[in-house]
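Only one structure is covered here, and it is reproduced in the block below.
The values are calculated or read from the model by the stated rules, or taken from the named source; none is laboratory data. What you see is a predicted model; the values in this text were computed from it and never measured. Glycine also receives a Cβ, built like all others from the backbone with ideal geometry; neighbour counts cover every protein chain displayed. Heavy atoms of the whole protein, side chains included, go into the accessibility calculation; ligands, DNA and RNA do not. Shrake-Rupley method; radii C 1.70, N 1.55, O 1.52, S 1.80 Å.
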2 protein chains.
Amino acid sequence: MASVNPPRGMRDFLPAEKARRERVLAVIRERYRAHGFDEIETPVVEEYSRLHAGIGGDNEKLAYNVLKRGLDADAVRAAADDPASLTDLGLRYDLTVPLARFYATNRGQLPSVFRSIQIAPVWRAERPQKGRYRQFVQCDIDIIGDGSARAEAELVVATLDTLDALGLEGGSVRINDRRVLDWMLDTFGFGAEERPGVLITIDKLDKIGPEGIVAELRERGATASAVDAFEAFLRRPMTLEYHPYGERQIRKALPADAPDEIVAHLVGIGAAAAAARASAGLATDAGSLSLSKGDDVPLVFDPFLVRGMGYYTGTIFELAHPSVDYSLGGGGRYDGMIGRFLGQDVPAVGFSIGFERIVDLVAEQTDAAAPAVVLVHDRDVSEADLLALKGALVRQGSRVRLEQRTKNLKALLERAASDGYTAFATVAPGTTAATLEVKPLS
Amino acid sequence: MASVNPPRGMRDFLPAEKARRERVLAVIRERYRAHGFDEIETPVVEEYSRLHAGIGGDNEKLAYNVLKRGLDADAVRAAADDPASLTDLGLRYDLTVPLARFYATNRGQLPSVFRSIQIAPVWRAERPQKGRYRQFVQCDIDIIGDGSARAEAELVVATLDTLDALGLEGGSVRINDRRVLDWMLDTFGFGAEERPGVLITIDKLDKIGPEGIVAELRERGATASAVDAFEAFLRRPMTLEYHPYGERQIRKALPADAPDEIVAHLVGIGAAAAAARASAGLATDAGSLSLSKGDDVPLVFDPFLVRGMGYYTGTIFELAHPSVDYSLGGGGRYDGMIGRFLGQDVPAVGFSIGFERIVDLVAEQTDAAAPAVVLVHDRDVSEADLLALKGALVRQGSRVRLEQRTKNLKALLERAASDGYTAFATVAPGTTAATLEVKPLS
């Protein structure tokens, strides 16, 4: 036991950081709840067979598995050729597999359209690297049982509102539909079997640009005529006007004759989201709702948005913010998956915000509401006097920490300030409520 | 995959129950923070060697262990005679072992007296039974680095205040000291080696009474003269006046000549706790603090309180509440343990409240503060109109859920009410802000 570090790739949270995380979580919870989502919780472990049913994608390989209890030597020996027989449970690697299991278990007690919040840690045995941990918090909202564009709009609106409430105004959502990608690739002439590989390449558009994409596709040996058609489309003489968002802009960003049904779904999301965010209020406008214009909603149609996970079946989105060049979350529609453990199809769409990234962006702030006082006391103050002073301040609504005076008072106060304390007072024998001087911690 | 239940002995939390748990947690967090405790978080898993270092007591045997990643057939075969070699990590079975590891890792960044809050799940592979689960939340506060009676007093005061804030007024704390038990058993004449067994018997006093205790000790073959002395003490002609709490009462409840140091520590806890809870306030009393009497603090000295865990070295306590006949929590001083991974002694004392029991006692309550409205809409209301109405209500501060009208409107509204919704309105095509009628959900 030479090292006393937390397990590899995992973190301790000290008071200041933990307080910050809880503050961010409280805002997220409150905002999502306001938008009609209800928080649920599932156990941290799920049965091995469910975690390895194929819906977890590549993450299944990264699962931490739990050793069966009470294995004897024979059972261990027999497991040499079948390591899976050593385990019956695993730590969840995402919140979607548990949600599918939860829905199958409890659907009789849930509303017909169920809007869930899950905020919880997940575990992946990945190679640790800067900013990537083996235990991290995911923060998902999902709408199960609604196949309409309203569901996507509710997710987008609730997420942007939450980002605003965290002080991260100016977020926007890039949006696309897997069926758009499928149809486009079919139109260009890519065969069904080569499309997954083509999508992996297209996913790099932000990094390697149109020329890079075309070069990589040729290198890959994709159908030459299809690559030519794709290249011609990418080079067509127009600026892609991704924004403002509306039917005209969506059609303009696509090859001719995009399927009406898919375009209508994309348009419907924008219209509903814009209506939800329109500035008219019930209280201020006694007549009918007068909405501000649809381009008010920060939705950006991006026909080349791909997203990695294989399980998406329709809409996909990604959350962007001007302060960073990486995504702050994303999600999409995955109609096939939630019903998997039920043996029936259930429409579902989800949005996962990147909690670990967001918590780093949220500005430091102390709880201005509650004063927090450090009582710095001499060694010989009686226990009863000290606790009487503390008790009185607590009853007044303060947060109070006792600290015995040390030689380096400055260091002591600096640490208290970094833990969110805002004031201090010194206590000597004989200090009473009347003589206690509470001073601000600068 | 025939069953879709959560893993054996573990629970899903549906929206109403999850909301209740989060509400209780928020109160606990806020109160403990006010009393100067700071929340920390450690990873859910710890290294196997640390979880099995002997400080977890019987719980070590109940640990869920995590299978090493990338084991090959040879490694598995070799593990037949050494099953521990299959695992490198385990799920924590308590919050004390992780706290000891956390303190060793981070002590340089912590105040010299560190008051921690930990609220987190633990796992034990116990036989599931009514009210006992394999994953449950523990809720611990600990003070590390203070050996004085003030530390115990701070724990007691913070815990009782938290119970009050949860609406569970009238709680009380039974208190004893392991050194009192040791000294008493020595006084009666029990040998050092037989004392652990004797304590196990004494721990049953509530259940089997003094006669039962004496009979069991004789049956066990405990030193006969010691059992006689113990019996005489139990039968002495006095009513045990455990309360009010003070030196006279403590001495009266013990054999003659109890050690001054231990009695003084017990008396000091009561005096400091009483001072903290005294009704004098800084704001209301400009002169010196005038304290109400010490018997105001609901401390009960119980010389036969034992508590199971072997690691306690001094004070032990147990939290009682008039509404239930089981304990709502407990704790004690364990000076030897926190420094274990550091190789040095560090005084420490902790109090763990039984979150799972407390959450069942806390009265149902809706968030009266925020109105919560269900919008029951016809199928053909446009997505944009519906989200505009929802958006306006959310901006006004309501929580809003959309529900499509079903034949059984009553059932729909009852479910919404059980999820904490307080009002509803019906939305037909053409319903506007002006015509929306929000009615209370009775």
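Label-to-label distances across copies for A:Pro322, with labels 7 Å out along Cα→Cβ, in nm, shortest first?
For A:Pro322, the inter-copy label distances come out at 6.1 nm.
Report, for A:Arg248, each distance to the same residue's label point in the other copies, shortest first and in nm; define the point 7 Å along Cα→Cβ.
For A:Arg248, the inter-copy label distances come out at 9.3 nm.
Residues of the range B:15-361: accessible area per residue at 1.4 Å, in Å²?
On the way: 13230 Å² over 347 residues.
Value for the range B:15-361: 38 Å² per residue.
Probe radius 1.4 Å, ligands and nucleic acids left out: can you give me the accessible area buried at the B-A interface, summed over both chains, in Å² to the nearest hundred? Mind dumping the intermediate values first?
Details: alone 22880 and 22850 Å², together 35840 Å².
By this definition, chains B and A bury close to 9900 Å².
Divide by every residue of the protein assembly as shown the summed helix terms, -39500 (n - 2.57) for each DSSP H run of at least 4, and state the resulting mean residue ellipticity at 222 nm, rounded to the nearest 500 deg cm²/dmol. Working shown, then result.
Details: 28 runs with 316 residues, N = 884.
My calculation for the protein assembly as shown gives -11000 deg cm²/dmol from helical runs alone.
In whole percent, what relative contact order does chain B give with Cα contacts below 8 Å and a gap of six or more residues? Before the final figure, lay out the partial values.
Working: 690 pairs, mean separation 69.4, N = 442.
The normalised contact order for chain B reaches 16 percent.
To the nearest 20 Debye, how big is the dipole of the protein assembly as shown about its Cα centre, given +1 on the beta carbon of each Lys and Arg and -1 on that of each Asp and Glu?
On the way: 106 positive and 126 negative charges, 67 e Å.
Rounded to the nearest 20 debye, it is 320 debye.
With +1 on each Lys and Arg Cβ and -1 on each Asp and Glu Cβ, and nothing else charged, work out how big the dipole of the range A:45-160 is about its Cα centre, in Debye to the nearest 20. If you can, show how the numbers build up before the last one.
Working: 15 positive and 16 negative charges, 72 e Å.
It comes to approximately 340 debye.
If you roll a 1.4 Å probe over the protein assembly as shown with all protein chains in place, what percent of the accessible area is carbon or sulfur?
Working: 17940 of 35840 Å².
Percent of accessible area from carbon and sulfur atoms in the protein assembly as shown: 50.
So how much slack lies between B:Thr406 and B:Leu25, counting 0.36 nm per residue of separation and subtracting their Cα-Cα distance, in nm? Let's see the in-between values first.
Values: separation 381, 0.36 × 381 = 137.16 nm, distance 3.55 nm.
Length difference between fully extended and current span is 133.6 nm.
Compute, for chain A, the length of the dipole vector about the Cα centre, with Cβ point charges of +1 (Lys, Arg) and -1 (Asp, Glu) only. Units Debye, rounded to 20.
On the way: 53 positive and 63 negative charges, 250 e Å.
Dipole magnitude for chain A comes out near 1200 debye.
Among B:Thr162, B:Phe114, B:Tyr133, whose Cα sits farthest toward the positive end of the charge dipole of the range B:97-168 (+1 at Cβ of Lys/Arg, -1 at Cβ of Asp/Glu, about the Cα centre)?
The listed residue farthest towards the positive side: B:Tyr133.
Alpha carbon centre of the range A:59-93 versus the range B:386-442: separation in Å?
Each part's Cα centre sits 49 Å from the other's.
Rank A:Leu328, A:Ala272, A:Gly430 by how far each Cα sits towards the positive end of the charge dipole of chain A (+1 on Lys, Arg Cβ; -1 on Asp, Glu Cβ) and give me just the farthest.
Farthest along the dipole direction, towards plus: A:Gly430.
Please work out whether the range A:372-440 counts as rounded, prolate or oblate from its C-alpha gyration tensor, where a ≥ b ≥ c are the square roots of the eigenvalues and a/c under 1.5 means rounded, while otherwise a/b larger than b/c means prolate and anything else oblate?
Working: a/c = 1.87, a/b = 1.18, b/c = 1.59.
It comes out oblate by the Cα gyration axes.
Just to verify a number: FRET efficiency for B:Glu126 and A:Asp257, C-beta to C-beta distance, R0 = 51 Å, to 0.05?
Working: r = 64 Å, r/R0 = 1.25.
It comes to 0.20.
Let's test the formula: R0 of 60 Å, r as the Cβ-Cβ distance of B:Glu356 and A:Glu193. What FRET efficiency results, to the nearest 0.05?
Details: r = 53 Å, r/R0 = 0.88.
Efficiency for this residue pair is about 0.70.
Taking a label point 7 Å from Cα toward Cβ, how far is B:Arg220 from its twins in the other copies, in nm, shortest first?
So the distances to the same position in the other copies read 7.4 nm.
Between the range B:197-225 and the range A:101-138, what is the separation of their alpha carbon centroids in Å?
Taking the Cα centre of the range A:101-138 as reference, the centre of the range B:197-225 is 50 Å away.
Take the range B:15-361, compute every pairwise Cα distance, and split them into 20 Å bins from 0; I just need the percent in each bin.
27, 56, 17, 1
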